[in-house]
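The values are calculated or read from the model by the stated rules, or taken from the named source; none is laboratory data. Keep in mind it's a predicted model, so treat the numbers as computed, not measured. As a convention, Cβ positions derive from the backbone with ideal geometry for all residues, glycine included, and neighbour counts pool all protein chains shown. All accessible areas refer to the heavy atoms of the entire protein, side chains included, with ligands and DNA or RNA removed. Shrake-Rupley method; radii C 1.70, N 1.55, O 1.52, S 1.80 Å.
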Amino acid sequence: MNLNIQTYTEHFTNPLYLESGRILEPYDITYETYGTLNEDKSNVVVVCHALTGSHHAAGVYEDENKAGWWDGFIGSGKAIDTDRYFVICSNVIGSCFGSTGPMSPQLPHHEPYRYKFPVVSIKDMVKAQRILFDRLDIHRVHAIVGGSMGGMQALQFSIHYPNFANKIISMAATHATQPWAIAFNKVAQESILKDPDFKQGYYDPEIIKEQGLSGMAVGRMAGHISFLSHESMREKFGRDYKLTDGLYELFGKFQIESYLEYNGYNFTKWFDPLAYLYITKAINIYDLSRGFDSLGEALKRITAELHLISFKNDLLFRNFEMKEIADELASIGKSNYSYIDVQSDYGHDAFLVELEKFEKYVKDALDG
């Protein structure tokens, strides 16, 4: 079934006042829509993407064969059913897929911002999206759904724009990024910064697209370890060795080593290193309770029906981090929420891969 994919870019000339006190102006937001908007605009579902995701959440472009990152989840008859819902997914500010980020031209001249780009937070990303929806004359949505950094955005929406969504579904996220996740991001950041080809941020993006960036590849390998789990690696790769390599060759590889290498080096040719630094910074400083006396005070603002989903073997954002939100909601007397811990050995990326384990729950939450 044709998803009716439409891709747009909106240009904003009003200043975007950031959490840091800095201003971003002008700025662009690229977004994609699927399905058909109904007459009273009551069928909008907003999908928020994770760190390396983009606005291309579902379907296949005519000139490509790679489907959007949540294609198994968005479409006709799927969990987010495009026969019923009008789905919008926008690329966050700070990213490198069309929305304004560190490699965007800084006015009045056309040199990229690079380090002159302001630090943006998850709250800023959400604020920019809210301004986009106002531009589109969408002032209330049926639901907001996201996993990982997308789940963080969904939670920020629920607190800072409490009357914007009827339902919030946040999965594989946390209320504040913990030292374990920050540590993995640190490895990636240092790997990028210490690579001579990064040129202290003054690299030629075309050369990086062609050749990759080895430091960033190493950092991404560390990230991949945190996205999987002991069990999923054991099941997927075991101790299998590359058939073409000798066991006693110093640089002979296990299958898991080849997997990390392939994904790490391939990644650097399509994701900008400065964008990676800025977005991991946004993830590191994310804290729902910032600006409030406590997490409980922040959660008191929520009026939407809130659905929290964690994954049993998530090593990046542990399942108990999501449960802490549920426990806090209970302690402040909130009842309009649900929490489930999905039985999964896959790890953090289960929200992208093991859709069959939670799609009915999401479908019921959306349709109920």
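Can you tell me which of Glu32, Glu111 is charged (D, E, K, R), closer than 25 Å to Gln156 by Cα and out of contact with any Asp or Glu (no Cβ under 7 Å at 6 or more places or on another chain)?
Sole residue among the options that is charged (D, E, K, R), closer than 25 Å to Gln156 by Cα and out of contact with any Asp or Glu (no Cβ under 7 Å at 6 or more places or on another chain): Glu32.
Just to verify a result, which residue in the stretch 20-32, among those that are of a type in the set (Asp, Glu) and outside any loop (DSSP other than H, G, I, E, B), is most open to solvent (accessible area, probe 1.4 Å)?
Asp28
Could you go through the stretch 227-248 and let me know if any residue there is part of a helix (DSSP H, G or I), hydroxyl-bearing (Ser, Thr, Tyr) and within 22 Å of His348 (Cα to Cα).
Looking through the stretch 227-248, at least one residue is part of a helix (DSSP H, G or I), hydroxyl-bearing (Ser, Thr, Tyr) and within 22 Å of His348 (Cα to Cα).
Of everything in the stretch 5-19 that's open to solvent by less than 70 Å² (accessible area, probe 1.4 Å) and in a loop (DSSP other than H, G, I, E, B), which residue is nearest to Tyr115 (Cα to Cα)?
Leu18
Please determine, by comparing only the residues of the stretch 183-212 that are under 15 Å from Gly223 (Cβ atoms) and loosely packed, with under 15 Cβ neighbours inside 10 Å, which one is nearest to the chain's Cα centre (by Cα).
Of the stretch 183-212, the ones under 15 Å from Gly223 (Cβ atoms) are 183-192.
From the residues that got through so far, the ones that are loosely packed, with under 15 Cβ neighbours inside 10 Å too are 183, 190.
Working: Ala183: 18, Glu190: 21 Å.
The qualifying residue nearest to the chain's Cα centre (by Cα) is Ala183.
Could you please let me know if Phe227 is of a type in the set (Phe, Trp, Tyr) and in contact with a helix residue (DSSP H, G or I) (Cβ under 8 Å, 6 or more places away or on another chain)?
Spelling it out, it is not the case that Phe227 is of a type in the set (Phe, Trp, Tyr) and in contact with a helix residue (DSSP H, G or I) (Cβ under 8 Å, 6 or more places away or on another chain).
Does at least one position in the stretch 33-42 carry a residue that is in a strand (DSSP E or B), in contact (Cβ under 8 Å) with a residue 60 or more places away in the chain and within 30 Å of Val119 (Cα to Cα)?
No; the residues of the stretch 33-42 include none that is in a strand (DSSP E or B), in contact (Cβ under 8 Å) with a residue 60 or more places away in the chain and within 30 Å of Val119 (Cα to Cα).
In the stretch 173-180, is there at least one residue being within 25 Å of Arg290 (Cα to Cα), without any contact (Cβ under 8 Å) to a residue 12 or more places away in the chain and either open to solvent by 40 Å² or more (accessible area, probe 1.4 Å) or basic (Lys, Arg) (or both)?
Among the residues of the stretch 173-180, at least one is within 25 Å of Arg290 (Cα to Cα), without any contact (Cβ under 8 Å) to a residue 12 or more places away in the chain and either open to solvent by 40 Å² or more (accessible area, probe 1.4 Å) or basic (Lys, Arg) (or both), which makes the answer yes.
From the residues in the stretch 133-172 that are among the aromatic types (Phe, Trp, Tyr) and closer than 19 Å to Leu299 by Cβ, which one is surrounded by the fewest Cβ atoms within 10 Å (Cβ to Cβ)?
Tyr161
Check off (1) assigned to a loop (DSSP other than H, G, I, E, B); (2) open to solvent by 10 Å² or more (accessible area, probe 1.4 Å); (3) touching a Gly at 6+ places or on another chain (Cβ under 6 Å) for Gly94 and give me the number that stays unchecked.
(2)
Take the stretch 109-147 and flag every residue that is touching a helix residue (DSSP H, G or I) at 6+ places or on another chain (Cβ under 9 Å), of a type in the set (Val, Ile, Thr) and within 19 Å of Glu19 (Cβ to Cβ).
Listed by number, the residues that qualify are Val119, Val120, Ile122, Val126.
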